[in-house]
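Participant: To start, I am sharing the structure in question, which I have written as structure tokens.
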Amino acid sequence: MSVSIGQPVPDFTASATGDTTVTLSELKGRQVVVYFYPKASTPGCTTEGGDFRDRKEAFDAANTVILGVSRDGLRAQENFKAKQGFNFALLSDKDETVCRLFDVIKLKKLYGKEHLGIERSTFLIDAEGRLAREWRGVKVPGHVEEVLEAARELHGAS
């Protein structure tokens, strides 16, 4: 089962940086951006995370929480967050529960070899917990600005 636009996103709980857990239902009343990235501390993921970090105040103003998710363990997530100065939670999804909920595990090719990995994707959940927008197969340049505009529009509409 995968999430779909206009439908409630099933609740999930995941381990997060800062020795915390994040439960989606506890964020009700705020919009939530859940962005999936393939691997901590890699160039594209660092750039994307930095773009979210640099625009966090604007997301806050649009009543929007940012959550980054990958299959990395908590230690890798903590190191990535600290090194890059990320000002939002990173979730560790080693068992792929959240990844599978959003259907972001895809067959990918790297150096001619196929493997299952995370397809860079972003989801915007409205304040009532319904999926409002999704971006799959994301290209990093300009992406965060597009997500921010959607979050502002959604916040203005509520």
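Participant: Here are some pairs, 28/108; 81/108; 28/83; 81/113; 83/113; 56/113; which of them have Cα atoms lying more than 28 Å apart in this structure?
Facilitator: Beyond 28 Å between Cα atoms: 28/108; 28/83; 81/113; 83/113; 56/113.
Participant: Starting from the Cα-Cα distance between residue 13 and residue 63, subtract it from 0.36 nm times their residue separation and give me the gain in nm to one decimal. Before the final figure, lay out the partial values.
Facilitator: Values: separation 50, 0.36 × 50 = 18.00 nm, distance 2.06 nm.
Result for the pair: 15.9 nm of gain on full extension.
Participant: Let me ask something else. Tilt of helix 74-84 relative to the longest C-alpha principal axis of the chain, in degrees (0 to 90, nearest 10)?
Facilitator: Once rounded, the angle reads 70 degrees.
Participant: As I understand it, the dipole of the range 18-158 uses +1 on the Cβ of Lys and Arg and -1 on the Cβ of Asp and Glu, about the Cα centre. Which of 87, 142, 107 lies farthest toward its positive end?
Facilitator: Working it through, the farthest residue towards the positive pole turns out to be 107.
Participant: Applying 1/(1 + (r/R0)^6) with R0 = 30 Å to the Cβ-Cβ distance of residue 100 and residue 56, what FRET efficiency is obtained, to the nearest 0.05?
Facilitator: Plugging the Cβ-Cβ distance into 1/(1 + (r/R0)^6) gives 0.65.
Participant: Follow-up. Which ³J(HN,Hα) values in Hz, rounded to whole numbers, follow from the phi angles of the range 137-146 under the Karplus curve 6.51 cos²θ - 1.76 cosθ + 1.60, where θ = phi - 60° and Gly and Pro get x?
Facilitator: My calculation for the range 137-146 gives x, 5, 9, 5, x, x, 5, 4, 4, 5 Hz in order.
Participant: Evaluate the charge dipole of the range 1-130 about its Cα centre and quote only its size in Debye, nearest 20, assuming +1 on the Cβ of each Lys and Arg and -1 on the Cβ of each Asp and Glu.
Facilitator: It comes to approximately 440 debye.
Participant: Looking at the chain, what % of its DSSP beta bridges pair antiparallel, to the nearest 5?
Facilitator: 70 percent
Participant: Separate question: How high is the relative contact order of the chain, in percent, counting Cα pairs under 8 Å that sit 6 or more residues apart?
Facilitator: Taking the mean separation of contacting Cα pairs over the length of the chain, I get 32 percent.
Participant: OK, next. Once you put a point 7 Å from the Cα of residue 28 and another 7 Å from the Cα of residue 109, both along the Cβ direction, what distance in nm separates them?
Facilitator: 4.6 nm
Every number here is computed from the coordinates shown, using simple stated rules; none is lab data. None of these values were measured; they are calculated from a predicted model. Note: ideal-geometry Cβ built from the backbone for every residue, glycine included; neighbour counts use all protein chains shown.
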